[in-house]
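Readers should treat all values here as calculations from the given coordinates under stated rules, not as data from a laboratory. As the structure is a prediction and not an experimental result, all values here were calculated from the model. In this analysis, Cβ positions are derived from the backbone assuming ideal geometry, glycine residues included, and neighbour counts consider all displayed protein chains.
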Amino acid sequence: MGSQRLLLEGQPLAPEFKPSDLSPIFRANGSTMPASPHYQDLMASGFADYRLVVDGLVGQPLSLSLAQLKAMPARTQITRHDCVEGWSAIGQWTGAPLARVLALARPLAPARYVVFHCADNLGGGLDESGLYYESIDLFDAFHPQTILAWALNGQPLEVSHGAPLRLRVERQLGYKQAKYIMRIELANRMDQLGRGKGGFWEDRGYAWYAGI
Ligand SMILES: Nc1nc2c(c(=O)[nH]1)N[C@H]1C(S)=C(S)[C@@H](COP(=O)(O)O)O[C@H]1N2
Ligand SMILES: [Mo]
């Protein structure tokens, strides 16, 4: 992570591709249909009642509808997704730059991490201990290609790919790309979240920094 940060100091972009490079099929992985009644209700109404909550160490907590997120200036990028399980796919993502959402929420000085709380319980069971979550630091959060994506290949995000909103943080591996984002929390430590390692897979042994 240290050497990558040195090399990436100027926030260079991850490679972007041409429309002709798009993968014919972008496979879905991990959760593909959150089972919670709350998510099922949101899905049934086309996410009209969805709200993205932004809270924690912020000066201005937010609650944004999908329409509000889509009305923000969007960024579109064609990038390659790399999953640790050994597959990759090139897709075109469109969404609101996370930096813009954070600018509205105004992170407070002690904030160090951006935590994404998701709707799906990949760990199974009935309690919340298996809910998917992820986190990145502010360096990656403010990168121009870090977006809250609501479209893949020009179409509204399908449920299997994380509808209505998923993260793209293009210089890291697949498991960092949180799908089904319900809440974004600004935090200054990770040891009180989940099992303390900063993400669902991190809690199960994966590295927190998944730089490519
Ligand atoms: N909420 C949530 N986000 C998730 C996952 C998941 O199971 N739940 N799986 C991760 C993994 S391992 C990968 S490779 C990608 C897969 O994204 P895709 O389904 O759009 O291909 O999502 C990541 N984000
Ligand atoms: Mo993955």
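If you place +1 on the Cβ of every Lys and Arg and -1 on the Cβ of every Asp and Glu, how big does the dipole about the Cα centre of the chain come out, in debye to the nearest 20?
420 debye
Once every Cα of the chain carries one equal point scatterer and solvent is ignored, give the base-10 log of I(q)/I(0) from the Debye formula at q = 0.10 Å⁻¹, two decimals. At q = 0.10 Å⁻¹ the computed log10 ratios are -0.39. Extension gain for E128-M1 works out to 42.7 nm (0.36 nm per residue, less the C-alpha to C-alpha distance). Label-to-label distance, V53 versus A35, with points set 7 angstrom from Cα along the beta-carbon direction: 2.3 nm. Put +1 on the Cβ of each Lys and Arg and -1 on the Cβ of each Asp and Glu in the stretch 2-204; which of A105, S65, G130 then has its Cα farthest toward the positive end of the dipole? The residue sitting most towards the positive pole is A105. Placing dummy labels 7 Å off each Cα toward the beta-carbon, the span from E85 to L104 is 3.3 nm. In terms of the mean number of neighbouring beta-carbon atoms within 10 Å, the peptides 30-40, 13-23 order highest first as 30-40, 13-23. In summary, the lysines within cross-link reach of K176, defined as a Cα separation below 17 angstrom excluding same-chain residues under 8 places away, comprise K197. A straight Cα-to-Cα reach below 22 Å connects K70 with the lysines K179, residues fewer than 8 places away in its own chain not being considered.
The packing ranking, built from the mean of other Cβ atoms within 10 Å per residue, places the peptides 150-161, 173-184, 118-129 in the order 173-184, 150-161, 118-129, highest first.
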